[in-house]
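Remarks on the structure that follows.
The values are calculated or read from the model by the stated rules, or taken from the named source; none is laboratory data. This is a predicted model, so every value here is computed, not measured. Ideal geometry is used to build each Cβ from the backbone, glycine not excepted, and the neighbour counts take in all protein chains shown. Areas reflect the complete protein model, heavy atoms only, side chains present, ligands, DNA and RNA absent. Shrake-Rupley method; radii C 1.70, N 1.55, O 1.52, S 1.80 Å.
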Amino acid sequence: MPRVLVLGGTAEARELARLLLEDPRFTVLSSLAGRVANPRLPVGETRIGGFGGPSGLAAFLAEDGVDVLVDATHPFASTISRNAALAAEASGVPLLALVRPEWSPVAGDQWTRVPTVPAAARVLARREGGRAMLTTGRQDVGEFAALEAWWFLIRVVDAPSCALPPRHELLRDRGPYTVESERTLLRDNRIDVLVTKNSGGDLVSAKLAAARELGIDVVVVDRPERPAGVPAVPTAAAAYARLVGDA
């Protein structure tokens, strides 16, 4: 009975945990980093908190008898993905990455693509000011704190603990969202620019369609590079099929 450790609190991680829990051939443990105060928990056995870097994770894999490690973390959780790759290599435990497809621009989109969140802040700094909506996550809000010419609508799950822009409104909310609700939010707040990470997936993609309809510029932060040589699948169903085939 293979034991699978699923890293991540994403929708894909929760779906994979459900599929594995319903299959008597597997046991599954889900691990969440604990960065969100009230996360959506997966079904089945769950642990919350870090492992202490790649060596700590490698030790846990051995102690817990893990047979397969699945990295289903957020596409921007680069440190965790790197630690997972190092721990898998050190322990000899097979690693599978579950990576949701990224968003791609379509006709009508007005995208400016940048490599990092600081680069996104520099894009705004070069403009004369306006009203921007930030959906980059609470840990990156501080990158925009010095932009006095801009007013920000900052949407986060948990309140940021870093410095905030002098002119802003904090909106604590979490997806999924509809195109209609996102269109209303952007229009009512007179948003000129939407700033987002290329997280991919369907839960929060409605903002892109709404921005397209309203002719709003979107600054899109590209994903960090993933560890080389790790096999990857795009959906929980594909990950489950892969695990069943290897079991």
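Of note:
- Kirkwood Rh and Cα Rg combined as Rg/Rh, region 92-148: 1.11
- All alpha carbon pair distances within region 89-242 were sorted into 5 Å bins beginning at 0; the resulting P(r) in whole percents reads 2, 8, 17, 20, 19, 13, 9, 6, 4, 2, 0.
- Compared with the alpha-carbon gap, the fully stretched path from N189 to A237 is longer by 13.4 nm at 0.36 nm per residue.
- Fluctuation leader among A163, A228, A107 - the chain, Gaussian network, Cα springs under 10 angstrom: A107
- Across the chain, the mean sequence separation of Cα contacts (distance under 8 Å, 6 or more residues apart), normalised by length, yields a relative contact order of 21 percent.
- Cα long-axis angle, helix 78-91 against the chain (0 to 90 degrees, to the nearest 10): 10
- Ellipticity estimate at 222 nm from DSSP helix runs (n ≥ 4, -39,500 (n - 2.57)) divided over the chain, nearest 500: -9500 deg cm²/dmol
- Virtual spin-label span in nm between A119 and Q139, 7 Å along Cα→Cβ: 1.9
- Computed from Cα atoms, the angle from the helix 179-188 axis to the main principal axis of the chain rounds to 40 degrees.
- Cβ-derived FRET efficiency at R0 22 Å, S104 paired with D23, nearest 0.05: 0.10
- Approximate spin-label separation D202-S161, in nm, with each point projected 7 Å along Cα-to-Cβ: 3.5
- Helix 236-246 axis, angle to the chain major axis (alpha carbon atoms, nearest 10°): 20
- Fully extending the segment from E89 to R131 would add 10.5 nm, taking 0.36 nm per residue of separation and subtracting the current Cα-Cα distance.
- Region 146-200: GluC sites (Glu not before Pro) in DSSP loop, at most 16 other beta carbons within 10 Å: E148
- Per residue value of the accessible surface for the chain (all protein chains in place, 1.4 Å probe), Å²: 47
- Per DSSP, loop trypsin sites (Lys or Arg not before Pro) in region 92-151 with at most 15 further Cβ within 10 Å: R126, R127
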